[in-house]
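Asker: Quick one: the structure is below, questions incoming.
The values are calculated or read from the model by the stated rules, or taken from the named source; none is laboratory data. As the structure is a computational prediction, the values presented were derived from the model and not from experiment. Don't worry about glycine lacking a Cβ; one is built from the backbone with ideal geometry, like all the others, and counts go over all protein chains shown.
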Amino acid sequence: MAVSMLITHHTHIAPFIEYLRFEKRYSQHTCISYATDLEQFSNFIKKAYDDEPLDKVTASFIRSWLAQMKENKISSKTINRKISALKSFFRFLIKQGVINQTPMATISSPKTNKRLPVFVKEQHTETLLNHLEFSNNWQGRTEKLIIELLYNTGMRLSELINLKEGQVDIGYAQLKVLGKGNKERILPLSHQLLAEIQDYIKNKPIKHESINELLVNEKGKPLYPKYVYRTVKKYLSLVTTLEKKSPHILRHTFATHLMNNGAELNDVKELLGHSSLASTQVYTHNTIEKLKEIHKRAHPKA
C-alpha cells in the first residue's frame, strides 16, 4: 500500500508523513505504520474526547489510549512504536508552531521482552546453499540468487528488491546498497557470488530499458516482497524446523554466523547498516550461548 493511498482526515498528519518521507528519508513501511498509528490516535480522540484540538491534548488522553490498547492485548512492541510515532508527531507540531509543548514528556514506554534473534544453524545453511537443487529455469536461478544474496550479504528485503544492476561493482567485487534513510554502505561479494550475478545479468530473459533492478521474474519485471517471502519460506522449510521462515531470518543468520566465527561487533554493525551499536549487540547473546555450549562439552568440571 502506498503512503498516498492512506486517507488522513486530520489536517496535520499528511504534512507530517510527507516530512518523514522527503526530509527524514524514512522507509515507506515506516511511513505507512506511522500514518496508521496517528489515524488510530486521531479516531480515539474524536470518539472519546469529542475531537479536542491538538493544543488541548494532554498526557492523560494519551494514557487512556495506551490503556485501551493494553486491554485489547496489543503487544508492548506495537505500543512502543505508536508512542514513537506520537513523540515524532508532536515534535513536528512544535517545529511548525502548531503547539507550544508536547504532551509526551511524561509518557513512558512499556518494557518489552528482548528476544534473541532466531537463526539457521551453520550445517543447515550448508545444506541450503550446497546440496539443495534449484529448478534449471529462470525462476530457479532467481530463487537461488535471492537465497545467496540474503545470506551472504545480510541485506534487508527492501534493499534486495530495489537493488539495481549499477550497484554491482565488478572491479571491487562489492555491492553498494542504499539502506534506511538513503544511507549507502558497501557489502563485499565472494568471487563465486559475483560470477553468478554477472552470469545472471548476462542471461536475463527479457531486457527492459526502463527496468534496472538486478532481480527480475521470467517476464523481466522487478520482484515484489511476497515473491521473496515465498521463496525463502519454500527453501528454509526444506532444511530447518524453525517456526519463522522469513527473509529477515537470513539477515539474523548472516550476523550470527559472523559473530560466532570471530567477527568484530563494529564490523557487523557496518555490514548490517545499523545506526546504533545497541541494535547489533543482540547478536552477542547468541555468541555467549555458543561459548557456554563449548565450555560444557570441553571443560572437565563443567
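Asker: Please identify the pairs in which a residue from segment 13-40 that is buried (at least 20 other Cβ atoms within 10 Å of the Cβ) has its Cβ atom under 6 Å from the Cβ atom of a residue that is part of a loop (DSSP other than H, G, I, E, B), counting only partners at least 6 apart or on another chain.
Answerer: L20/Y26; A35/L6
Asker: What is the one condition in (1) on the phi < 0 side of the Ramachandran plot; (2) surrounded by 19 or more Cβ atoms within 10 Å (Cβ to Cβ) that G154 does not satisfy?
Answerer: (1)
Asker: Go through segment 240-285 and report how many residues are of a type outside the set (D, E, K, R) and assigned to a loop (DSSP other than H, G, I, E, B).
Answerer: Adding up the residues that qualify gives 12.
Asker: Is it true that some residue in segment 195-213 is among the polar types (S, T, N, Q) and surrounded by 15 or more Cβ atoms within 10 Å (Cβ to Cβ)?
Answerer: Scanning segment 195-213 turns up no residue that is among the polar types (S, T, N, Q) and surrounded by 15 or more Cβ atoms within 10 Å (Cβ to Cβ).
Asker: Run I94 past the list (1) part of a helix (DSSP H, G or I); (2) within 17 Å of the chain's Cα centre (by Cα); (3) without any contact (Cβ under 8 Å) to a residue 40 or more places away in the chain and report the number of the one that doesn't hold.
Answerer: Going through (1) part of a helix (DSSP H, G or I); (2) within 17 Å of the chain's Cα centre (by Cα); (3) without any contact (Cβ under 8 Å) to a residue 40 or more places away in the chain one by one, I94 breaks only (2).
Asker: Of all residues in segment 149-181, which are of a type outside the set (S, T, N, Q), touching a Ser or Thr at 6+ places or on another chain (Cβ under 9 Å) and not in a loop (DSSP other than H, G, I, E, B)?
Answerer: L150, Y151, L157, E159, L160, L175, V177, K180, G181, listed by residue number.
Asker: Would you be able to say whether some residue in segment 68-83 is within 21 Å of S158 (Cα to Cα), out of contact with any strand residue (DSSP E or B) (no Cβ under 8 Å at 6 or more places or on another chain) and in contact (Cβ under 8 Å) with a residue 24 or more places away in the chain?
Answerer: Within segment 68-83, one or more residues are within 21 Å of S158 (Cα to Cα), out of contact with any strand residue (DSSP E or B) (no Cβ under 8 Å at 6 or more places or on another chain) and in contact (Cβ under 8 Å) with a residue 24 or more places away in the chain.
Asker: Still on this structure: On the given criteria, is Y229 in the same structural domain as V177 (by TED's automatic domain parsing), over 20 Å from K164 (Cβ atoms) and aromatic (F, W, Y)?
Answerer: When the stated conditions are applied, Y229 passes them.
Asker: Based on this model, can you work out whether I62 counts as outside any helix (DSSP H, G or I), surrounded by 13 or more Cβ atoms within 10 Å (Cβ to Cβ) and either in contact with a Cys (Cβ under 7 Å, 6 or more places away or on another chain) or not assigned by TED's automatic domain parsing to the domain that holds S158 (or both)?
Answerer: It is false that I62 is outside any helix (DSSP H, G or I), surrounded by 13 or more Cβ atoms within 10 Å (Cβ to Cβ) and either in contact with a Cys (Cβ under 7 Å, 6 or more places away or on another chain) or not assigned by TED's automatic domain parsing to the domain that holds S158 (or both).
Asker: Answer yes or no: is there a residue in segment 182-194 that is of a type in the set (A, V, I, L, M), in contact with a Phe, Trp or Tyr (Cβ under 8 Å, 6 or more places away or on another chain) and part of a helix (DSSP H, G or I).
Answerer: no
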